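A.B. asks: This structure is in structure tokens; I'll ask about it shortly.
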Amino acid sequence: MRIEQNTTAAEALLMALKASGIDYLFANAGNDFAPIIEALANPRLGDAMPEPITCMHETVAMGMAHGHYLASGRMQAVMVHVNVGMANALCGLLNAHSDNVPVFLLAGRTPLTEHGRDGARLTPVQYGQELYDQHAMVRELVKWEYELRYPEQACGLVSRAAALAMAEPRGPVFLGFPREPLLAPLPPGVRFEPFPVARPSASYPDPAAIDELAQWLARARHPLIVAERGDPAGKVGTSLARLAQAHAIPVIEIMPVRNVMPSSHPMMLGHSAGDQLEAADVILVVDASTPWVERLHRPGPGKRIAHLGPDPLVGRQPVRSFQTDLAICCDTAAGLDALLAALPPPTGDVERRRAHYAQLSEQRRRHAREEALRGGGKPVSGAYISACVSDVLGDDGLCFSELGTVPDYMDLKGPNRYFFTPYSGALGWGMPAALGAQLADRDRLVVACVGDGSYVFANPVACHQIAEAQALPILTIVKNNGMWNAVRRSTLGVHGDGHAARAAVMPLTSLEPSPSYSMVAAASRAHVEVVEDGARLAGALERAIDVIRNERRQALVEVRTSLSATH
């Protein structure tokens, strides 16, 4: 749609977002939104703007944009209210920054002027919310940030920001705007259409570096691949599975934020470094920001280690001292495909290795299943919860886990079936991300499995409200152990035999008395059940999914467990 001369900057900005591929504007509004709201209400513009989604809290807005991208590969926009809204959005922005997820974050700012212009200040709050440098709140966490100065800039700034966000390594961008330029019409004679700026094409690896890595792997007796995440389209998972199978290279995914390999792949050896890291003589790290924890699993001398991906040195991390003998900067799937093409045909040693690792993989899966089933009594174990969630996911269900499931006990049918909290650790991510994924694909089963503390951080009233308002029938499973267990484990890791370990109740970790979380969901007409015995869990999940599929209504199952039963 051509932008007319009487079009305001707010209208032009929204149309430019839509032209850049953004379908939804997740928003928590304030008094700086007036021009945006007026533009969204303009019937002339119709489908030329993103669909607005009202979110009761910024945590929900940011998490939904994050989850939508993971499920669809398409960036979405979030708009928040001046500095206070930005403050609430910061945890979600930390997660997007850590996970290389593109989110187009927008925020108003208090009007610049006190009188004399349309949009000038009207309330004392607009004085109290003024900052010297509002953008400083987000500058370290975005790839690009700017402030709209003049109405004719709207389309160009949006198009450039969107392209930069989707360029590898991907990440969030930020555009701020005072109210005055948003209200202003385009200047006389300015007629242009919103146009997308093409993002750069995929980068291919240096052939010499690929040949060198291929020689290392071909000569290796114990090669190993460490992965952490794939791409939303699953190309990395497909390429990695093909490479690992063809040359019998085992794969471990240490704390994956997005699973890459199907659990049943014969070269998949799980999610723990174990003995594999020590035994390996050549290690390929595939787009992994934290392939292992140096204090716990340092590979040791005499090994060759290569890192491959869009940002193999992970420039956003100030401290990262992993051994790097070869760093190959490229599109991850393209790099893996090039490596496969460069490797010589497999030898007899490769065939013997293939049989060995296939047996190890099968043994690992069998032992994990047996351990999980032993936890199906009272109290319910974390391993058993994980196995039950895996059973209901089917071939294409999605699990968003925030300290709720353990992937070693799950049978994931393909890449991008399991998503874990980004390493930034800003809690409250899991449930909003699941809502965003459900919005991206309303027919897919989407499960948020979260700890009780994570559930509280998600602003669950806001989450359940939007699930009902937008008809997003996710399944939420709350693993309720009445404890900040991550804090407890961290303390034990430092003071294993200290006073806190011997205390009847470790200070600053108890969440008792536990609220009735099921009642929070019931307030938004969700189907709810509370489970205390593992024997009832499978049935409760089946009933919840029946409601989701047949009534298109959200469901919550609260599983009450204990510290002794968590994994």
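The values are calculated or read from the model by the stated rules, or taken from the named source; none is laboratory data. Quick caveat: nothing in here was measured; it's all calculated off a predicted structure. Every residue, glycine as well, gets a Cβ built from its backbone with ideal geometry; the counts of neighbours run over all protein chains shown. Protein only, heavy atoms only, side chains kept; ligands, DNA and RNA dropped before computing areas. Shrake-Rupley method; radii C 1.70, N 1.55, O 1.52, S 1.80 Å.
A.B. asks: Tell me which residues, restricted to the range 117-158, are among the aliphatic types (A, V, I, L, M) and either part of a loop (DSSP other than H, G, I, E, B) or under 16 Å from Phe104 (Cβ atoms) (or both).
C.D. replies: Passing the criteria: Ala120, Leu122, Leu131, Val138, Leu141, Val142, Leu148, Ala154, Leu157, Val158.
A.B. asks: Please determine, by comparing only the residues of the range 496-515 that are among the small types (Gly, Ala, Ser) and out of contact with any His (no Cβ under 8 Å at 6 or more places or on another chain), which one is surrounded by the fewest Cβ atoms within 10 Å (Cβ to Cβ).
C.D. replies: Ala504
A.B. asks: Enumerate the helices (runs of 4 or more DSSP H) found wholly within the range 478-528, keeping only those where 3 or more residues are closer than 22 Å to Ala434 by Cα and under 27 Å from the mean Cα position of the chain (by Cα).
C.D. replies: The qualifying helices (runs of 4 or more DSSP H) are 517-522.
A.B. asks: Consider Gly30 carefully, then state whether it is touching a Gly at 6+ places or on another chain (Cβ under 8 Å) and among the small types (Gly, Ala, Ser).
C.D. replies: Yes, satisfied.
A.B. asks: When you scan the range 450-459, how many residues do you find that are in contact (Cβ under 8 Å) with a residue 60 or more places away in the chain and crowded, with 24+ Cβ neighbours inside 10 Å?
C.D. replies: 3
A.B. asks: If you check Ala161, Ala107, which single one turns out to be within 25 Å of Gly436 (Cα to Cα), touching a helix residue (DSSP H, G or I) at 6+ places or on another chain (Cβ under 9 Å) and either part of a helix (DSSP H, G or I) or not hydroxyl-bearing (Ser, Thr, Tyr) (or both)?
C.D. replies: It is Ala107.
A.B. asks: Another question, if that's okay. Could you tell me how many of the residues in the range 138-179 are open to solvent by 10 Å² or more (accessible area, probe 1.4 Å) and more than 26 Å from Asp311 (Cβ to Cβ)?
C.D. replies: Total satisfying the criteria: 8.
A.B. asks: When the range 215-236 is examined, which residues are found to be of a type in the set (A, V, I, L, M) and not in a loop (DSSP other than H, G, I, E, B)?
C.D. replies: Leu217, Ala218, Leu224, Ile225, Val226, Ala227, Val236
Residue by residue, here is whether (1) in a loop (DSSP other than H, G, I, E, B); (2) within 18 Å of the chain's Cα centre (by Cα); (3) surrounded by fewer than 22 Cβ atoms within 10 Å (Cβ to Cβ) holds:
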{"site": "Ala426", "(1), (2), (3)": "yes, yes, yes"}
{"site": "Met431", "(1), (2), (3)": "no, yes, no"}
{"site": "Ala434", "(1), (2), (3)": "no, yes, no"}
{"site": "Gln438", "(1), (2), (3)": "no, yes, no"}
{"site": "Arg444", "(1), (2), (3)": "yes, yes, yes"}
{"site": "Ala448", "(1), (2), (3)": "no, yes, no"}
{"site": "Gln465", "(1), (2), (3)": "no, no, yes"}
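A.B. asks: Which condition breaks for Ile545 when tested against (1) within 15 Å of Asn480 (Cβ to Cβ); (2) open to solvent by less than 70 Å² (accessible area, probe 1.4 Å); (3) touching a residue at least 24 places away in the same chain (Cβ under 8 Å)?
C.D. replies: (1)
A.B. asks: Which residue pairs have Cβ atoms under 6 Å apart, sit 6 or more places apart or on different chains, and have a first residue in the range 290-302 that is open to solvent by 40 Å² or more (accessible area, probe 1.4 Å) and a second that is in a loop (DSSP other than H, G, I, E, B)?
C.D. replies: Correct list of pairs: His297/Ala273.
A.B. asks: Anything in the range 415-424 that is surrounded by 20 or more Cβ atoms within 10 Å (Cβ to Cβ) and more than 14 Å from His271 (Cα to Cα)? List them, or say none.
C.D. replies: Answer for the range 415-424, where residues must be surrounded by 20 or more Cβ atoms within 10 Å (Cβ to Cβ) and more than 14 Å from His271 (Cα to Cα): Pro415, Asn416, Arg417, Thr421, Pro422.
A.B. asks: Could you list, in sequence order, the residues of the range 23-38 that are surrounded by fewer than 23 Cβ atoms within 10 Å (Cβ to Cβ) and aliphatic (A, V, I, L, M)?
C.D. replies: Ala29, Ala34, Ile37
Matching residues to (1) open to solvent by 30 Å² or more (accessible area, probe 1.4 Å); (2) part of a loop (DSSP other than H, G, I, E, B); (3) in contact (Cβ under 8 Å) with a residue 12 or more places away in the chain; (4) acidic (Asp, Glu):
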{"site": "Thr238", "(1), (2), (3), (4)": "yes, no, yes, no"}
{"site": "Ala244", "(1), (2), (3), (4)": "no, no, yes, no"}
{"site": "Pro256", "(1), (2), (3), (4)": "no, yes, yes, no"}
{"site": "Met261", "(1), (2), (3), (4)": "no, yes, yes, no"}
{"site": "Gly274", "(1), (2), (3), (4)": "yes, yes, yes, no"}
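A.B. asks: Of these, Leu340, Leu373, which one is touching a helix residue (DSSP H, G or I) at 6+ places or on another chain (Cβ under 9 Å), more than 30 Å from Val101 (Cβ to Cβ), surrounded by 13 or more Cβ atoms within 10 Å (Cβ to Cβ) and among the aliphatic types (A, V, I, L, M)?
C.D. replies: Testing whether each residue is touching a helix residue (DSSP H, G or I) at 6+ places or on another chain (Cβ under 9 Å), more than 30 Å from Val101 (Cβ to Cβ), surrounded by 13 or more Cβ atoms within 10 Å (Cβ to Cβ) and among the aliphatic types (A, V, I, L, M) leaves just Leu373.
A.B. asks: Taking the range 72-113 as the search range and keeping residues that are hydroxyl-bearing (Ser, Thr, Tyr) and within 23 Å of Tyr127 (Cβ to Cβ), which one is surrounded by the fewest Cβ atoms within 10 Å (Cβ to Cβ)?
C.D. replies: Across the range 72-113, the extreme among qualifying residues is Thr113.
A.B. asks: Just checking, which of Val251, Val282 is β-branched (Val, Ile, Thr), closer than 29 Å to Ala167 by Cα and either surrounded by 18 or more Cβ atoms within 10 Å (Cβ to Cβ) or touching a residue at least 60 places away in the same chain (Cβ under 8 Å) (or both)?
C.D. replies: The match here is Val251.
A.B. asks: Are there any pairs, at least 6 apart or on different chains, whose C-beta atoms fall under 8 Å, with the first in the range 509-525 and under 15 Å from Ala544 (Cβ atoms) and the second open to solvent by 40 Å² or more (accessible area, probe 1.4 Å) and part of a loop (DSSP other than H, G, I, E, B), and if so, which?
C.D. replies: Arg525/Arg553
A.B. asks: Here is a further query. Being modelled with pLDDT of 95 or more and touching a His at 6+ places or on another chain (Cβ under 6 Å) is the requirement here; does Ser518 meet it?
C.D. replies: no
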